[in-house]
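Structure record follows, encoded as C-alpha cells.
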Amino acid sequence: MPRFNAFEYLSSPESTQAGSSIGVVYGVDSTLRKWAIDAIVGDSEWTQVDGEVCKWSDLRDDLATASLFDFDGGDKRTLVVRSADKFLSNHRPEIEKYVSAPGDATRFVLELESLASNTRVYKAVDKAHLLVACTSATDAKLGITAASRRKFLTSFVADRHKTQLAPAAADALVEMLGEEIGMLDTEIAKLALYVDVGGKIEEPLVRDVVAGWQGKTVWQITDAIAAGDAAEALRQLDKLFSGGQRAIALLPQIAWSLRRLGMTTAAIEFRERSGRPWQFEDALAAGGIRRGFEVQSAKKQLQSIGRERAKQLLPWLLDADLRLKGTHSAEGRDRFLLEQLILKLARQT
C-alpha cells in the first residue's frame, strides 16, 4: 500500500485504509496527526495509551484482544499509541517483529513526530499497511503543493465548519498566517461566524478580519504570558498600540486563549474536589481545547503557568473586563490597565 500525505488520506479515508492491521501517522503537524487518527478509528472501539510511559509488555494482551462487537471481522478494535517516538525507540525490535507479522484481532496505530524512510518499520508499513505523512509544508516528494493545500482548505477544512472557502481566500490565509493547519483551521472557524451557514468566505473578508501580523502578535503575547516573560509580552503589546489598536479590542483577543486555560484548570479542580479521576485531554476538552495542535500547546502553557496562577486566570480576566468598561475606559487608563494585567498574569511565583 503506498504512503499517503494527510491531505489525500483525509479526503478519502475509506478508500485508502483498506482494513489495514497497522497504521502509522507521522509528521510535525499535530492537527493533521489527530485528524488522521480520528479517521482511522472511525466509529470502532478503541483505546489510546501514552507512548512516553507505556512499555511493549503493557500492550501484548491488548493487541491480542478482539473487539466485542467484531462479529464479521469488519469492525476491528483499535489501539493507538500517542506520542510514540520514545516508545518506538525503546522497543524497536519488538515493534519491527510485530509489524512484519501483525495479528488480526486489533488495529495497531502509532503516532510519531518523525519516521525515517530507511527504517524497517517504515518499509514494512509502507509495503503492506497504512502510512500517513502529516505535514502541511510544500514537499514535492510527498505530493504537497500550494494547489493541494488550497484544495484541502476549501474542501475538507471548510466543510468542518459548514462553510465555503474561496480559493483566493485560502491563499490569503496561508499568506497571512503560514502553513500550519491548526492555525488555519482556527481562523476558518472564526471567519465562518461572519457568513450564513453554507455561505462563502471571500478574500476581502479574510483580509478585513484576519489581522495578519497583529493576529500573530496576540499569539506571541499569550505565549509570553504563559512563559512568565512579562518584558516580551509588553514589547509585543506596544507594537499593537503603536499600530492603532485599542485596549477594549485587544483584551478579548488576549483573553480568548487564557480563558480556556482557566476553564481547564477549573474543570481539574472540580473533579479533584469531587474525588473523581481526570485525564488532561478530558479537562482540556471541557475548557474548549480539542484540536491537536492546541492540546499540546495548552499542556505546555499550563505547566509553565502553574496551578496557583492558572486558578486566578478567570477572576483576573473578568475583573479587567469590568474595569475596562467602567473605571478604566478613558484613553491612557485603558492602556495602563492592560499593561498592569499582563504584569500580573506573567508574574512567576
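The values are calculated or read from the model by the stated rules, or taken from the named source; none is laboratory data. As the structure is a computational prediction, the values presented were derived from the model and not from experiment. So basically every Cβ, Gly included, is an ideal-geometry build from the backbone, and we count neighbours across all protein chains shown. To get the accessible areas, we keep the full protein, side chains included, count just its heavy atoms, and leave off ligands, DNA and RNA. Shrake-Rupley method; radii C 1.70, N 1.55, O 1.52, S 1.80 Å.
Based on what the data block shows, is Gln303 loosely packed, with under 13 Cβ neighbours inside 10 Å, assigned to a helix (DSSP H, G or I) and under 23 Å from the mean Cα position of the chain (by Cα)? Judged against the criteria, Gln303 is a match.
Of Arg120, Arg150, Arg160, all but one fail to be without any contact (Cβ under 8 Å) to a residue 60 or more places away in the chain, of a type in the set (Lys, Arg) and buried (at least 18 other Cβ atoms within 10 Å of the Cβ); the exception is Arg150.
Condition check ((1) basic (Lys, Arg); (2) part of a loop (DSSP other than H, G, I, E, B)) across all residues:
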residue	(1), (2)
Glu281	no, no
Val295	no, no
Ala298	no, no
Trp316	no, no
Thr327	no, yes
Lys344	yes, no
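Answer yes or no as to whether Asp171 is within 24 Å of Leu250 (Cα to Cα), modelled with pLDDT of 90 or more and under 24 Å from the mean Cα position of the chain (by Cα). It is false that Asp171 is within 24 Å of Leu250 (Cα to Cα), modelled with pLDDT of 90 or more and under 24 Å from the mean Cα position of the chain (by Cα).
Among the residues making up the stretch 332-343, those that are open to solvent by 60 Å² or more (accessible area, probe 1.4 Å) and free of Cβ contacts under 8 Å to residues at least 60 places away in the same chain are Arg333, Phe336, Gln340.
Of all the residues in the stretch 75-104, those that are open to solvent by 20 Å² or more (accessible area, probe 1.4 Å), closer than 17 Å to Gln48 by Cβ and of a type in the set (Gly, Ala, Ser) number 1. Open to solvent by 30 Å² or more (accessible area, probe 1.4 Å) and within 15 Å of Met263 (Cβ to Cβ): does that describe Leu284? No: the conditions fail for Leu284.
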